[in-house]
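Okay, so here's the structure we're looking at.
The values are calculated or read from the model by the stated rules, or taken from the named source; none is laboratory data. Not measured: the values here are computed from a predicted model. Note that we place each Cβ from the backbone using ideal geometry, even for glycine, and neighbour counts take in every protein chain shown. Calculation scope for accessible area: heavy atoms of the full protein, side chains included, ligands and nucleic acids excluded. Shrake-Rupley method; radii C 1.70, N 1.55, O 1.52, S 1.80 Å.
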Amino acid sequence: MARIIVVTSGKGGVGKTTTSASISTGLARRGNKTVVIDFDVGLRNLDLIMNCERRVVYDFVNVIQGEATLNQALIKDKRVETLYILPASQTREKEALTREGVEKVLNELSETFDYIVCDSPAGIEHGALMALYYADEAIVVTNPEVSSVRDSDRILGILQSKSRRAEMGQDPVKEHLLLTRYNPGRVDRGEMLSVSDVEEILAIPLLGVIPESQIVLNASNQGLPVILEDDSDAGQAYEDAVGRLLGEEREHRFLTAEKKGFFSRMFKG
């Protein structure tokens with residue numbers, strides 16, 4: 001059976017789709033057959049970051065409504081052999097995602113895939129609830145700011161009460177914290193919450209800390225999951241997160257500000 005992982009948050013713009021793209025790519029690069037599904041009906045973005053927008057013919061809703069088969073709708077990634085994308089519809093309403101339809105698609109995917117990554121819309125609207133309902137694990141993405149963390153705490157409450165596992169009295173959804181756009185210098189200046197601040201508020205295990213970086217935006221604009229930028233701090237941080245997701249022990253990096261040398265301070269470099 002596939003592991004179903006939802007990438008979720010309470011607030012928009014924190015990096016869920018960037019995270020979904022990089023986590024699914026990282027899992028697939030390790031030889032796991034992986035599919036990433038865009039649940040954001042009407043505001044499709046995953047296909048842009050995965051650089052396959054021109055190849056979308058059928059989408060998730062077409063499959064749910066019997067207008068296409070999964071085989072017709074799945075898009076094979078050109079860079080990673082075992083990675084597939086199931087895009088969202090840009091023209092349908094979010095209510096087109098029905099619980100029965102989503103379950104049918106997930107069950108069919110589970111027959112052939114090792115991992116199913118669900119890229120959730122922000123907040124607690126219909127598409128977000130559909131994305132998290134069948135999850136085995138959740139990556140809760142948050143920025144180190146009070147409003148983002150508060151909204152993520154709300155999502156944790158939803159996971160613990162409205163998922164299928166909660167309804168059926170099964171083991172709870174396994175929760176992971178991913179902190180994005182982290183800038184240690186701004187933390188030192190009191191402009192942003194620290195990792196320990198966020199951990200204390202949310203009280204779930206830390207999967208990774210992604211440093212604030214222009215490379216993340218550049219990669220997204222190029223249709224490139226940032227995890228493929230192997231030389232970048234952000235790419236390495238996502239690779240570390242994938243390792244931890246698979247049970248590896250990895251030390252957390254990029255948590256402290258880089259100390260400038262004497263000449264850098266002299267010339268404010």
Residue that is least open to solvent (accessible area, probe 1.4 Å), among those in the stretch 1-41 that are part of a strand (DSSP E or B) and either of a type in the set (D, E, K, R) or without any contact (Cβ under 8 Å) to a residue 60 or more places away in the chain (or both) | D38
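Each row is one residue, and each column tells you yes or no for (1) touching a residue at least 60 places away in the same chain (Cβ under 8 Å); (2) in a loop (DSSP other than H, G, I, E, B); (3) more than 17 Å from the chain's Cα centre (by Cα).
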{"residue": "A88", "(1), (2), (3)": "no, yes, no"}
{"residue": "T91", "(1), (2), (3)": "no, yes, yes"}
{"residue": "N107", "(1), (2), (3)": "no, no, yes"}
{"residue": "T112", "(1), (2), (3)": "yes, yes, yes"}
{"residue": "I116", "(1), (2), (3)": "yes, no, no"}
{"residue": "P121", "(1), (2), (3)": "yes, yes, no"}
{"residue": "A135", "(1), (2), (3)": "yes, yes, no"}
Would you check which residues across the stretch 42-86 are touching a strand residue (DSSP E or B) at 6+ places or on another chain (Cβ under 9 Å), free of Cβ contacts under 8 Å to residues at least 24 places away in the same chain and buried (at least 19 other Cβ atoms within 10 Å of the Cβ) and list them?
-> A73
Among residues of the stretch 109-129, those that are open to solvent by 10 Å² or more (accessible area, probe 1.4 Å), at pLDDT below 95 and not charged (D, E, K, R), counted | 5
Among the residues of the stretch 207-255, which ones are surrounded by 15 or more Cβ atoms within 10 Å (Cβ to Cβ), small (G, A, S), modelled with pLDDT of 95 or more and assigned to a loop (DSSP other than H, G, I, E, B)?
-> S232
Which numbered condition S163 fails, given (1) farther than 14 Å from V6 by Cα; (2) polar (S, T, N, Q); (3) modelled with pLDDT of 95 or more | (1)
In the stretch 166-181, residue most open to solvent (accessible area, probe 1.4 Å) [restricted to those that are more than 14 Å from L202 (Cα to Cα) and of a type in the set (A, V, I, L, M)] = M168
Would you mind telling me which numbered condition in (1) more than 22 Å from R44 (Cβ to Cβ); (2) open to solvent by 10 Å² or more (accessible area, probe 1.4 Å); (3) among the small types (G, A, S) S163 fails?
-> (2)
